[in-house]
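Accompanying notes for the structure given below.
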Amino acid sequence: MELVLATRNKDKIKEIKTLLSSLPLQLMTADDFPETKDVVEDGKDCRENAIKKALEISQQTGKPALADDSALEIDALNGAPGVYSSRFAGENVTYAQNREKVLLLMGGVPDEKRTARFRTVLALVIPGKKEILTEGVTEGYIGQKEQGEEGFGYDPIFHLMGDGRSYSEMTRDEKNKVSHRARAAEKMKIILRDILKKENYLAGN
C-alpha cells in the first residue's frame with residue numbers, strides 16, 4: 001500500500017518511518033511529488049491542521065496520505081506555544097530559537113509550575129473515504145535548561161513526567177516507545193493493519 005507522509009520535515013519523516021516500519025507500506029513524502037504545494041496550517045488546533053494537511057496532500061497526489069500535527073502545551077503559558085510550536089519564535093526560525101523563546105518566557109517559573117505536555121494528532125485520508133484520526137499525549141515538564149544531544153525540536157527542554165530525562169537524553173528507541181508521536185502511531189498502526197488485511201482479502205490474497 002502506498003502512503004504519502006504529508007510533511008517535508010525530515011526529522012518527522014525519519015521518526016514516522018521508524019514507527020511504521022513493521023507495516024508493509026510504501027512510504028513516500030510530499031517531496032516525491034514536486035508539483036505538490038505546501039499546505040497553510042491555519043487550523044485552530046492539531047486536529048484541524050492534521051486533517052487539512054492529509055486531505056490536501058491526498059487530493060494533490062491522488063494517493064492515501066498521513067499527516068502529523070504536534071504541539072507543545074505549557075500550562076504556565078496558557079497552553080502556548082500550541083499550534084504555533086514550529087514557528088513560536090517567528091517564521092522560518094530554527095529549533096534552537098523556539099527553545100530559546102520558551103526558556104526566556106519560563107524564566108523564574110518554579111519547578112512545580114513548569115508542567116507541560118506534547119500532543120500529536122495523526123490524520124489518515126484515503127481517497128473516497130472519511131478521514132481517520134488518532135491522538136497521543138505525553139505529560140511532562142519544561143526543564144530549566146537544555147539537556148541531551150538526541151532528538152529535535154523541543155526535545156532538549158521537554159522532560160518526561162516520572163522519568164526525569166529530557167527526550168534528548170533518551171536514545172531514539174527509548175523515545176519511540178514513550179513519545180506522543182509513538183502513542184498516536186501505535187493506535188494508527190492498528191487501523192492500518194485492519195485496512196491492509198481488508199485490501200489483501202479483496203485482492204484474493
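Of note:
- Taken together, Lys63, Lys53 contain a single residue that is crowded, with 17+ Cβ neighbours inside 10 Å and over 17 Å from the mean Cα position of the chain (by Cα), which is Lys63.
- Region 76-121, residues that are of a type in the set (Asp, Glu) and surrounded by 15 or more Cβ atoms within 10 Å (Cβ to Cβ): Glu100
- For region 22-37, a residue qualifies if it is polar (S, T, N, Q) and surrounded by 15 or more Cβ atoms within 10 Å (Cβ to Cβ), and the qualifying residues are Thr29, Thr36.
- Filter result for the condition that a residue is without any contact (Cβ under 8 Å) to a residue 60 or more places away in the chain and of a type in the set (Asp, Glu), over Glu150, Glu131: Glu150
- Considering residues of region 38-50 that are of a type outside the set (Lys, Arg) and either in contact with a strand residue (DSSP E or B) (Cβ under 7 Å, 6 or more places away or on another chain) or within 23 Å of Val137 (Cα to Cα) (or both) only, the residue surrounded by the most Cβ atoms within 10 Å (Cβ to Cβ): Ala50
- All positions within region 10-21 that are surrounded by fewer than 16 Cβ atoms within 10 Å (Cβ to Cβ) and under 20 Å from Glu91 (Cβ atoms): Lys10, Asp11
- When residues of region 134-152 are limited to those that are surrounded by fewer than 20 Cβ atoms within 10 Å (Cβ to Cβ) and of a type in the set (A, V, I, L, M, F, W, C), the one modelled with the highest pLDDT: Val137
- Extreme residue, surrounded by the most Cβ atoms within 10 Å (Cβ to Cβ), among residues of region 153-180 that are of a type in the set (Ser, Thr, Tyr) and free of Cβ contacts under 8 Å to residues at least 40 places away in the same chain: Tyr167
The values are calculated or read from the model by the stated rules, or taken from the named source; none is laboratory data. Just so it is clear, the model here is predicted, and its values are computed rather than measured. Please note: Cβ atoms are built from the backbone with ideal geometry, for glycine as well, and neighbour counts cover all protein chains shown.
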